[in-house]
Amino acid sequence: MTSPTQPSSAPVVVTGANGLVGSRVVAALSERGAAVRAVVRRPGTAPALTGVEELVGDFADPTFAAAAVSGATALVTTVHPLGGDADSQRTVGLDGTLAIARAAAGAGVERLVHVSTAAVYDRSPGLGDVDEHSALAGDDAGDYAVIKRDVDLALAEVDGPTRVLVRPPAILGAGETSVWNTVRPAQVRDDERARRAVPEQSFNWVHVDDLATLTADVALGAVATSDDPEAGPVAGGCTAVNVAGEPATQRDYLGAVTDAIGLEPVWEEGSAWTGQIRADRARRWGWEPRVGLDRALAELRAGLRARA
């Protein structure tokens, strides 16, 4: 996959530009020479990088959203309140994302890239590997999975831009807001129940830098559109694409966390999903992860030990 030699002068808009994923996407776009409008809620929190303009406001507000996407070539949406209740998740993650997506469609924005999640798939025990054709999660899958599923389904109905739903599993990468490098390890440290897992249960993951690489390249049009979703995003359509690193299990992840913080995991017997998130489509688009499991877990351990 190669980036355009001369990025368009029209900006790419990124929501949640101060979060783990959003900030890395902004950095990846800046490295490629793109102009970026970084949408944040608090002044001074957007990455201070070449070509980056900070926009402070609520992207769910139609007036602000329209101004933010005016003249833009692409919109990347990354915001979802992981710690919120169902109402706040729907208000921000669903209603807010749809507000700026519709503003982008109305402004003639060419590409809309939404960072979704592999949690939208049904991953019940006994099911095999998951790809973009797999069944979506049912209504009993939990607030996060159900609301993210509903966002994806709603974006499929926003006509106009070429829409790409990027679906990562657990996102590894250092950052204060990182769920898997910071938030989850704190739960493991403080709550014995969080140290319990079926060791063979799949831990599907991707490093945030590899996720940002694909997201930035799609936003900039480095991945050409196609009539076949296996070859590239469908022009004017809505195409899902999974991103995932090499196979891993809870023994790998939880074992690394507990080792770093000096506690013992509690391995349990029971049924668990042991399939893999297939990222073959992303690879056919030219994406290849650069961060392997050993490096990702070493970064995780180092961060936890530094904070101990």
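The values are calculated or read from the model by the stated rules, or taken from the named source; none is laboratory data. Quick caveat, the model's predicted, so the values are computed rather than measured. Ideal geometry is used to build each Cβ from the backbone, glycine not excepted, and the neighbour counts take in all protein chains shown.
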Kindly provide the set of residues from region 29-39 that are surrounded by fewer than 24 Cβ atoms within 10 Å (Cβ to Cβ) and either at pLDDT below 95 or in a helix (DSSP H, G or I) (or both), ordered by number. 30, 31
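One residue is enough: does region 18-25 have a residue meeting the conditions free of Cβ contacts under 8 Å to residues at least 24 places away in the same chain and either within 23 Å of residue 238 (Cα to Cα) or surrounded by fewer than 15 Cβ atoms within 10 Å (Cβ to Cβ) (or both)? Give the derivation first.
If we filter region 18-25 for residues that are free of Cβ contacts under 8 Å to residues at least 24 places away in the same chain, which is where we start, we get none.
The answer is no, given that none of the residues of region 18-25 is free of Cβ contacts under 8 Å to residues at least 24 places away in the same chain and either within 23 Å of residue 238 (Cα to Cα) or surrounded by fewer than 15 Cβ atoms within 10 Å (Cβ to Cβ) (or both).
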Checked region 250-308 for anything basic (Lys, Arg) and within 16 Å of residue 200 (Cβ to Cβ); matches are 251
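For every residue, the table says whether it meets (1) surrounded by 17 or more Cβ atoms within 10 Å (Cβ to Cβ); (2) over 18 Å from the mean Cα position of the chain (by Cα); (3) among the small types (Gly, Ala, Ser).
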residue	(1), (2), (3)
254	yes, yes, no
263	no, yes, no
267	no, yes, no
275	yes, yes, yes
283	no, no, no
288	no, no, no
294	no, yes, no
Some residue of region 186-198 being assigned to a loop (DSSP other than H, G, I, E, B), more than 27 Å from residue 35 (Cβ to Cβ) and touching a helix residue (DSSP H, G or I) at 6+ places or on another chain (Cβ under 7 Å): yes
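Here's a check for you: in region 261-308, which residue that is part of a loop (DSSP other than H, G, I, E, B) and among the aromatic types (Phe, Trp, Tyr) is nearest to residue 130 (Cα to Cα)?
So the residue we want is 273.
Mind checking which residues of region 252-308 are among the acidic types (Asp, Glu) and within 24 Å of residue 210 (Cα to Cα)? Spell out the reasoning first.
Going through region 252-308, the residues among the acidic types (Asp, Glu) turn out to be 252, 259, 264, 268-269, 280, 288, 294, 299.
Answer for region 252-308, where residues must be among the acidic types (Asp, Glu) and within 24 Å of residue 210 (Cα to Cα): 252, 280, 288, 294, 299.
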Given the conditions (1) in contact with a Phe, Trp or Tyr (Cβ under 6 Å, 6 or more places away or on another chain); (2) assigned to a loop (DSSP other than H, G, I, E, B), which single one is not true for residue 214? (2)
Has region 40-52 got at least one residue that is within 18 Å of residue 176 (Cβ to Cβ), assigned to a loop (DSSP other than H, G, I, E, B) and polar (S, T, N, Q)? yes
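If you check 231, 194, 170, which single one turns out to be among the aliphatic types (A, V, I, L, M) and free of Cβ contacts under 8 Å to residues at least 24 places away in the same chain? Lay out the reasoning, then the answer.
Numbers: 231 fails: free of Cβ contacts under 8 Å to residues at least 24 places away in the same chain; 170 fails: free of Cβ contacts under 8 Å to residues at least 24 places away in the same chain.
Every option except 194 fails the conditions.
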Test: residue in region 187-195 that is surrounded by 16 or more Cβ atoms within 10 Å (Cβ to Cβ), touching a His at 6+ places or on another chain (Cβ under 6 Å) and not small (Gly, Ala, Ser): no
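Would you mind stating whether residue 182 is closer than 25 Å to residue 26 by Cβ and surrounded by fewer than 20 Cβ atoms within 10 Å (Cβ to Cβ)? Working first, answer last.
Numbers: closer than 25 Å to residue 26 by Cβ: yes; surrounded by fewer than 20 Cβ atoms within 10 Å (Cβ to Cβ): yes.
When the stated conditions are applied, residue 182 passes them.
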